[in-house]
Amino acid sequence: MTPEELTDRISSAFPDYGITCQVDKGHAVAVVPIDRLIELLGALKGESEFGFDMLMDLTAVDWMERAPRFDLVYHLYSVGHNHRLRIKVGVEDGSPVPTATRLWHIADWFERELWDLYGIKFSGHPNLKRLLLYEEFKGHPLRKDYPYDRRQPLLEETWPVRDRQARMPEGEKIHRP
């Protein structure tokens, strides 16, 4: 199915969802209101006509001076039909987004990454905590208003664990420059 056929089918299958479909640089794109997001994702995964059984990626774009500030972008893939779809959702700063972890388990890691780097919260997420940065890190570094020269608190050196190092024979200790 071509991207044009895919966008036409999505538009006709979900006429009351407020979806705007287009083909951008050869890729099918659907812009969805946030209140219909999970319902649409579930339908696209569950209906055999579409069969989007893989969430390939979830990312965000920070537009800073635009409202809504963020675009949340879901990249879906159908293994059976071999077609791809990009779903965009506008998200206001501070507004929670419903989690997609009940549909795809990999969304757990993707959503944690977005929380960690952009500060986008996901309501209903089972374990929304930092993934890439340490818990004491202040702010969200991929936001465009994050100061590039911001200093973070220094943490006491914890690697390798000093207690364990103290009990190790001298030949097995890890020596760092």
Discussion item. On C-alpha positions alone, give me the angle between the axis of helix 107-118 and the longest principal axis of the chain, in degrees, nearest 10.
Written reply: 70 degrees
Worksheet item: How big is the charge dipole of the chain about its Cα centre, in debye rounded to the nearest 20, if each Lys and Arg gets +1 on its Cβ and each Asp and Glu gets -1 on its Cβ?
Response: 560 debye
Worksheet item: Percent relative contact order of the chain, based on C-alpha pairs within less than 8 angstrom and at least six residues apart?
Response: 15 percent
Worksheet item: Once phi is turned into ³J(HN,Hα) by the Karplus curve 6.51 cos²θ - 1.76 cosθ + 1.60 with θ = phi - 60°, what whole-Hz value does each residue of the stretch 67-74 show in order, with x for glycine and proline?
Response: 10, x, 5, 10, 10, 8, 10, 9
Worksheet item: From the residues A100, L114, H81, which one has its Cα farthest along the dipole of the chain in the positive direction, the dipole being from +1 and -1 charges on Cβ of Lys/Arg and Asp/Glu about the Cα centre?
Response: L114
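Can you list which of the trypsin sites (Lys or Arg not before Pro) found in the stretch 17-64 are DSSP loop residues with at most 12 other C-beta atoms within 10 Å?
K25
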Worksheet entry | Overall form of the stretch 90-140 per C-alpha gyration tensor (a/c, 1.5; a/b vs b/c) | oblate
Worksheet item: Which shape class applies to the stretch 1-42: rounded if a/c is under 1.5, otherwise prolate when a/b exceeds b/c and oblate if not, where a ≥ b ≥ c are the square roots of the Cα gyration tensor eigenvalues?
Response: prolate
Fill in: Karplus-derived HN-Hα couplings along the stretch 89-98 (A = 6.51, B = -1.76, C = 1.60, θ = phi - 60°), whole Hz, x at Gly and Pro
9, x, 10, 6, 4, x, 7, x, 10, x
Worksheet, complete the sentence: When the charge dipole of the chain is computed with +1 on Lys and Arg Cβ and -1 on Asp and Glu Cβ about the Cα centre, the Cα farthest towards its positive end, among P3, L41, H140, belongs to H140
Response to the item:
Per-residue ellipticity at 222 nm attributable to helices in the chain (runs of n ≥ 4 DSSP H, -39500 (n - 2.57) apiece, nearest 500 deg cm²/dmol) works out to -6500 deg cm²/dmol
Discussion item. Per residue, how much accessible surface does the stretch 1-123 expose to a 1.4 Å probe? Answer in Å², no decimals.
Written reply: 48 Å²
Worksheet item: Among all stretches of the chain without exposed GluC sites (Glu not before Pro) (DSSP loop, at most 14 other Cβ atoms within 10 Å), which one is longest?
Response: 1-46
Discussion item. Please report the carbon-and-sulfur percent of the accessible area for the stretch 1-132; probe 1.4 Å, protein heavy atoms only, DNA, RNA and ligands left out.
Written reply: 51 percent
Worksheet item: Which loop-located trypsin sites (Lys or Arg not before Pro) does the stretch 56-90 contain, where loop means any DSSP state but H, G, I, E or B and the Cβ has at most 13 other Cβ atoms within 10 Å?
Response: R66
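The values are calculated or read from the model by the stated rules, or taken from the named source; none is laboratory data. Everything quoted here is computed from the prediction, not taken from an experiment. Heads up, the Cβs are rebuilt from the backbone with ideal geometry, glycines too, and the neighbour counts pull from every protein chain shown. These area figures cover heavy atoms from the full protein model, side chains too; ligands, DNA and RNA do not enter into them. Shrake-Rupley method; radii C 1.70, N 1.55, O 1.52, S 1.80 Å.
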